[in-house]
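*Asks:* Okay, handing you the structure first.
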Amino acid sequence: MERGKTFIISGPSGVGKSTILHKLFERRPNLYFSVSATTRGPREGEVDGKHYHFTSAEDFKRMIGEDAFLEHAEFVGNYYGTPKRYVYEAMERGEDVILDIELQGAIQVHEKMPEAIRVFILPPSLEELERRLVSRGTETAEKIQGRLTRAKVEFESAHTYDYIVINDDVEHAVSELDAIMTAEHCRAADRAVKF
Ligand code: ADP
Ligand code: 5GP
């Protein structure tokens, strides 16, 4: 059985990562979404244990002390981290792991797992990103400004990733991500075919 691969999906808040990943899961079997721990409060419709493990700052610090995270980072006033154990277990089961994480976390994972594939999702423009953040209606105007400021910093690192997908049309973006994952499974190094 082929071991699963880990895919890091980054991109500015509001670019459409959750929307794209939701549709990707309908297309690809054998995917494991790594549920992060966060100190941010749940948005309407978010389910504890499915979208995030909603955690107190004390519990988050305890988990850091227990070395429970593959990576963790602060993002616009809250802490986010990837519980380590489940990522390795899923790969051993042959499942591909999806990490929806921001830039600092991606750098940490790249150091520990250089074989993880990094995909950066870009919006068609900064104006469209702002429009999406406002229309989602989940953050205050102040929080939206904080996320947009962070987005401008993140854009500058997009070129350090292995792939860039522009989320203009959702279906098109999902198809590109799907194709990237398929191509990564066709690498000669992984196709140990002997003649
Ligand atoms: P993220 O997970 O990156 O923060 P979301 O998936 O929550 O972003 O998307 C932010 C908002 O933008 C949502 O309201 C979503 O419906 C919308 N959206 C996502 N992709 C597109 C797209 N290609 N065109 C227009 N709106 C989009
Ligand atoms: P949101 O609050 O919009 O759900 O997420 C904010 C940012 O945190 C997004 O860029 C998302 O990718 C990132 N994020 C979510 N979970 C994690 C995590 O476990 N670690 C890191 N480093 N970033 C995360």
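The values are calculated or read from the model by the stated rules, or taken from the named source; none is laboratory data. Just so you know, these numbers come straight off a predicted model, no measurement behind them. Heads up, the Cβs are rebuilt from the backbone with ideal geometry, glycines too, and the neighbour counts pull from every protein chain shown. These area figures cover heavy atoms from the full protein model, side chains too; ligands, DNA and RNA do not enter into them. Shrake-Rupley method; radii C 1.70, N 1.55, O 1.52, S 1.80 Å.
*Asks:* Using only the Cα atoms of region 1-66, construct the convex hull and provide its projected area averaged over every direction, in square nanometres to one decimal.
*Replies:* 6.3 nm²
*Asks:* Turning to a different aspect of this structure: Any idea of the accessible area per residue across the chain, 1.4 Å probe, to the nearest Å²?
*Replies:* Solvent-accessible surface per residue comes out at 54 Å².
*Asks:* Restricting to DSSP H runs of at least four residues, report the calculated mean residue ellipticity at 222 nm for the chain, -39500 (n - 2.57) per run over all residues, nearest 500 deg cm²/dmol. List each step's numbers first, then the result.
*Replies:* Values: 7 runs with 80 residues, N = 195.
It comes out at -12500 deg cm²/dmol, rounded to the nearest 500.
*Asks:* Could you calculate the FRET efficiency of L148 with V47 from 1/(1 + (r/R0)^6), where r is the beta carbon distance between them and R0 is 22 Å, rounded to 0.05?
*Replies:* Using R0 = 22 Å, I get an efficiency of 0.20.
*Asks:* While we're on this one: Starting from the amide H of I166, placed 1.01 Å from N in the peptide plane, find each other amide H under 5 Å away whose residue is 5 or more places distant or on another chain.
*Replies:* It is L122, by chain and number.
*Asks:* Using the C-alpha atoms of region 6-194, what convex hull volume per residue, in cubic angstrom, is computed?
*Replies:* Expressed per residue, the convex hull around the Cα atoms of region 6-194 is 127 Å³.
*Asks:* A further question follows. In whole percent, how big is the carbon plus sulfur part of the accessible area of the chain, probe 1.4 Å, protein atoms only? Walk me through the intermediate numbers first.
*Replies:* Values: 5590 of 10490 Å².
Solvent-exposed carbon and sulfur of the chain make up 53 percent of the total.
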